[in-house]
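Here the structure is laid out as structure tokens; the discussion comes afterwards.
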């Protein structure tokens, strides 16, 4: 029965190929939507779950979150150094971690921060140790894997947050030394290079008074003004030298009162802004949600169209081959066997379309993540499979079976004597 169904499909290979292609396109679209929506939302939630508030320069709250939490956008600017001490003195603040952005190495962002930043994301040292002195650097797991950097190896940071930014010049006078490599976490920290904020000051020739001995209490950094992605100029003091600044502060609340009071105070009474990662990621997902839902509806319409194409092809086949089907009956095949052969044709067509669509979707995701850095930065992986994909496959197989039911049912209405006499 299987070989007979396969022979029928080969006999009308062009029609079969077109039906398989139509179904595979719809399946690929649905799988890509599932992959993107699930991985994107889970990645955003995971990277932002331990941060209650981000404080930075005035500008777009979403831009502040994207640059400080997910590291896929430009910072909104710099904020005064004393803002960190001000937040740490607030009784509602459990923890305030500074960020200093501005440079990259091979496209991986160099983040001036404190050792507590790694603990925030549950990252542990796999090799070496955490940075303790200026120009010490700790590499995320992905950075070490892709660059092949080893402990003790020196590297030079370049201006800008991306490889195609800035003037292409590096800070030759202040090389970083790799002192540690983090274990993989599956989060944003895997693709970052961590160092002390004093290191970022030193790289850019910014004077500071803080001692570098205690990495957990170092503050300040370097960032970008909105609209100037290369290198932000720190505010000069009255004496003419640049004052230390920081790019952003990641805040964790001590109690619920902080969530009600702190953002309002910062936004209304200071030159800074406070943005909630939960609020901004929800807004971002809602913006994508409408487009994803529209694409999903279109994909299911396409799948239904593929089922209709299978129905028409099998119905025409059943009409054209009534004599063959009657001959099968005369040769001893039961009605159920012939009925099953036609159903199997629909099922095989749907299965081929589903398999091609799933493989095509994962290959497309792999190519896209390699071609578009933002998708790679968001951690989209082509190797993840979700239960929804199996539901899509099952639904498409059901569409193939349903499309074959009516043509297959014609076998019960065939009059063997009349059909054979007409075709003889």
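The values are calculated or read from the model by the stated rules, or taken from the named source; none is laboratory data. As the structure is a computational prediction, the values presented were derived from the model and not from experiment. Because the Cβ atoms are built from the backbone with ideal geometry, glycine has one as well, and the counts that use them run over all protein chains shown.
Within segment 46-58, can one find any residue that is outside any loop (DSSP other than H, G, I, E, B), out of contact with any helix residue (DSSP H, G or I) (no Cβ under 7 Å at 6 or more places or on another chain) and farther than 17 Å from residue 247 by Cβ? Within segment 46-58, one or more residues are outside any loop (DSSP other than H, G, I, E, B), out of contact with any helix residue (DSSP H, G or I) (no Cβ under 7 Å at 6 or more places or on another chain) and farther than 17 Å from residue 247 by Cβ. Among the residues of segment 241-299, those identified as touching a residue at least 40 places away in the same chain (Cβ under 8 Å) and part of a strand (DSSP E or B) are 245, 246, 248, 249, 250, 251, 252, 253, 272, 273, 274, 275. When 356, 397, 367 are checked against the criterion of being modelled with pLDDT of 85 or more, surrounded by fewer than 16 Cβ atoms within 10 Å (Cβ to Cβ) and not assigned by TED's automatic domain parsing to the domain that holds residue 67, 367 stands alone in meeting it. Put simply, of 44, 62, 87 the only residue that is buried (at least 20 other Cβ atoms within 10 Å of the Cβ), in contact with a strand residue (DSSP E or B) (Cβ under 8 Å, 6 or more places away or on another chain) and in contact (Cβ under 8 Å) with a residue 12 or more places away in the chain is 87.
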